[in-house]
2 protein chains.
Amino acid sequence: MSIPILKLYNYLLISIQTEIDDKTAIQFQEDLLDKIHKTGATGVVIDLTSVDIIDSFIAKVLGDVITMSDLMGAKVVLTGIQPAVAMTLIDLGIHLQNVATALDLEQGLIKLYQELRV
Amino acid sequence: MSIPILKLYNYLLISIQTEIDDKTAIQFQEDLLDKIHKTGATGVVIDLTSVDIIDSFIAKVLGDVITMSDLMGAKVVLTGIQPAVAMTLIDLGIHLQNVATALDLEQGLIKLYQELRV
């Protein structure tokens, strides 16, 4: 099952709420880039509130999809990163530079709005 | 994999984008009612834009979950119902009375806001 991507005005919202396997992660990467292309979205919020743990492959895919989205002109905000996930990301050397983060979905949308003004 | 439920202020947003099996549908029903209880959400938007076809069991679960949410005090708006889905619902005698509908997620949120004013 693929991860649903919700379009809300100029933004795309994604909430990852279950453990995802490698195939789902790759599928998500493709789906998100495709949806950015189709909708012309300017911002993306990826909510990780329900993600307790992250492995190196998923972390890498996540880092990649953020860079790719940025290339395509969509700003990504990550929200709800839990302590264990933050530690894994840094341990793996994925520093997510230039990535905005926020506490939750609402704050993420506010952050996008502040940065993009659209 | 369960269907993610996004919380945005007082509303819950759900986008069903893949064919769901019976088990996932039942799980979704439980998850949604649980989330309404936990968050005190006053409105729910269920977006069916990507659902091409619906079987009798899923249609029944959908009808039930709307009635249940209503009992718990959360107003449900269904959005993006495709022609084939509308036909199936009526053919199966699921009339979804008192259920608001709208074209897409944005319109669904506007409808909730107009009805609830919160």
Checklist entry - Hey, any hits in segment A:19-29 for a residue that's within 13 Å of the chain's Cα centre (by Cα) and part of a loop (DSSP other than H, G, I, E, B)? => result no
Next on the checklist: Could you go through segment A:77-84 and let me know if any residue there is open to solvent by 30 Å² or more (accessible area, probe 1.4 Å), among the polar types (S, T, N, Q) and within 14 Å of chain B (Cβ to nearest Cβ).
Outcome noted: no
Checklist entry - Just wondering, is there one or more residues in segment A:95-107 that are of a type in the set (S, T, N, Q) and open to solvent by less than 50 Å² (accessible area, probe 1.4 Å)? => result no
Next on the checklist: Under 8 Å between Cβ atoms, which residue pairs at least 6 apart in sequence (or on different chains) link something in segment B:1-30 that is at the interface with another protein chain (Cβ under 7 Å from one of its Cβ atoms) with a partner that is basic (K, R) and open to solvent by less than 70 Å² (accessible area, probe 1.4 Å)?
Outcome noted: B:K7/B:K35
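Can you tell me which residue is surrounded by the fewest Cβ atoms within 10 Å (Cβ to Cβ) among those in segment A:30-63 that are among the β-branched types (V, I, T) and part of a helix (DSSP H, G or I)? Before you say what the answer is, go through the steps one by one.
Within segment A:30-63, the subset among the β-branched types (V, I, T) is A:36, A:39, A:42, A:44-46, A:49, A:51, A:53-54, A:58, A:61.
Subsequent filtering for residues that are part of a helix (DSSP H, G or I) retains A:36, A:39, A:58, A:61.
Working: A:I36: 23, A:T39: 15, A:I58: 22, A:V61: 18.
Across segment A:30-63, the extreme among qualifying residues is A:T39.
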Checklist entry - How many residues are within 22 Å of B:K35 (Cβ to Cβ) and either within 14 Å of chain A (Cβ to nearest Cβ) or touching a His at 6+ places or on another chain (Cβ under 8 Å) (or both) when one looks only at segment B:85-103? => result 1
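The values are calculated or read from the model by the stated rules, or taken from the named source; none is laboratory data. It should be emphasised that the depicted structure is a prediction, and the values quoted were computed from it without experimental measurement. Cβ coordinates were reconstructed from backbone atoms using ideal geometry, including for glycine residues, and neighbour counts include every protein chain displayed. In case anyone asks, the SASA skips ligands and DNA or RNA and just uses the protein heavy atoms, side chains included. Shrake-Rupley method; radii C 1.70, N 1.55, O 1.52, S 1.80 Å.
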